[in-house]
Amino acid sequence: MQIILCESAEHVGVRAADIIEARVRQGPAVLGLATGGSPKSTYQELIRRHREEQLSFGQVTAFTLDEYAGLPPGHEQSYYSSIRREFTDHVDLPLGQLITPQGDAPDLVTEAERYDAAIVAAGGVDVQILGIGANGHIGFNEPTSSLASRTRVKTLAGATRADNARYFPEGDVPRLCLTQGLGTIREAKLAILVAMGENKAAAVQAMVEGPVSAHCPASVLQLHRRAVIILDPGAASQLSMQEYYREAQEFNDQLDRSPTRPWL
Ligand code: F6R
């Protein structure tokens, strides 16, 4: 795991965008996209680079992480609508290359299997962008999710439904969702998790410094071959090894500027 400590949410977005841009400029790429508040500064920075620095997403295929069950793609609160509003409608990613699970599919079990297979058929995800729930979930893999799980139907935790109630003024937060599994997410070639705010601090500490455990699903990233965790001061506030992460980051930043490591 690589831990990057940033001074602000905007800085988190810049560091994440640096990594994504480096991969997108290499040629055809498959991105995995999270929705919600955490990646907003990343998407805003990518949109800015698209507008001002000719960063093109024309050769990108994007798979979203999850979707509420029962919501058609056009529903205002669907994650399909949300990712279009927050990111893809503002760049040149062709709409046909934005792929999401169909929350209103008549057979959700088959839809989940189809979605998982579509990711594999696309050659897998090159860069997966993740947020983390206050309860440690990634995607909608709630605590006790199998660390080997594939895309499937999940029941949302009460805490998650309460966190997301702000987006549903009528109070009708769905109970079920489709989510990429932890095993699916682990197959991404690079995972970037962005987190901001003190309400994420305990989950971030458990993910980075706690045991690998289904109790904190994000801790599966300790088993990932290339996971980068980018944090603002609030989200990092409960980490016990901040000094080490800073030292390691300074050293990594020097390496990253080396022509032998064009990736970051
Ligand atoms: C969203 C997703 C979730 C969120 C998490 C944090 O596609 O998969 O895991 O990343 O619930 O949500 P925010 O960023 O809104 O705090």
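Tabulated data
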read-out	value
Which listed residue is within 30 Å of residue 152 (Cβ to Cβ) and over 18 Å from the mean Cα position of the chain (by Cα), from 76, 86, 53	76
Some residue of region 161-170 being touching a Ser or Thr at 6+ places or on another chain (Cβ under 7 Å), in contact (Cβ under 8 Å) with a residue 12 or more places away in the chain and among the acidic types (Asp, Glu)	no
Residue among 123, 103, 133 that alone is touching a residue at least 60 places away in the same chain (Cβ under 8 Å), more than 15 Å from the ligand (Cβ to nearest atom) and part of a loop (DSSP other than H, G, I, E, B)	123
Boolean, residue 233 is at pLDDT 95 or above and more than 25 Å from residue 125 (Cα to Cα)	yes
Failed item in (1) at positive phi; (2) away from the ligand (no atom under 12 Å from the Cβ); (3) under 18 Å from the mean Cα position of the chain (by Cα), with residue 171 passing the rest	(3)
Single unsatisfied condition, residue 35 versus (1) within 14 Å of the chain's Cα centre (by Cα); (2) within 18 Å of residue 97 (Cβ to Cβ); (3) open to solvent by less than 10 Å² (accessible area, probe 1.4 Å)	(3)
Matching residues in region 1-18 - criterion: being open to solvent by less than 10 Å² (accessible area, probe 1.4 Å) and within 18 Å of residue 88 (Cα to Cα)	13, 16, 17
Search result, residues across region 38-69 that are open to solvent by less than 20 Å² (accessible area, probe 1.4 Å) and farther than 20 Å from residue 81 by Cα	49, 55
Qualifying residues in region 140-155 (those that are within 10 Å of the ligand (Cβ to nearest atom) and in a loop (DSSP other than H, G, I, E, B)) - the one nearest to residue 119 (Cα to Cα)	140
One residue from 148, 157, 134 being out of contact with any Asp or Glu (no Cβ under 8 Å at 6 or more places or on another chain), at negative phi and surrounded by fewer than 22 Cβ atoms within 10 Å (Cβ to Cβ)	148
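Here's the yes/no breakdown for (1) away from the ligand (no atom under 16 Å from the Cβ); (2) of a type outside the set (A, V, I, L, M):
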| site | (1), (2) |
| --- | --- |
| 43 | no, yes |
| 47 | yes, no |
| 65 | no, no |
| 90 | yes, yes |
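The values are calculated or read from the model by the stated rules, or taken from the named source; none is laboratory data. From a predicted model like this one, the values you see are computed outputs, not experimental measurements. All Cβ positions, even for glycine, are placed from backbone atoms using ideal geometry, and neighbour counts span all protein chains on display. Heads up: the accessible areas ignore ligands, DNA and RNA and are worked out on the full protein's heavy atoms, side chains in. Shrake-Rupley method; radii C 1.70, N 1.55, O 1.52, S 1.80 Å.
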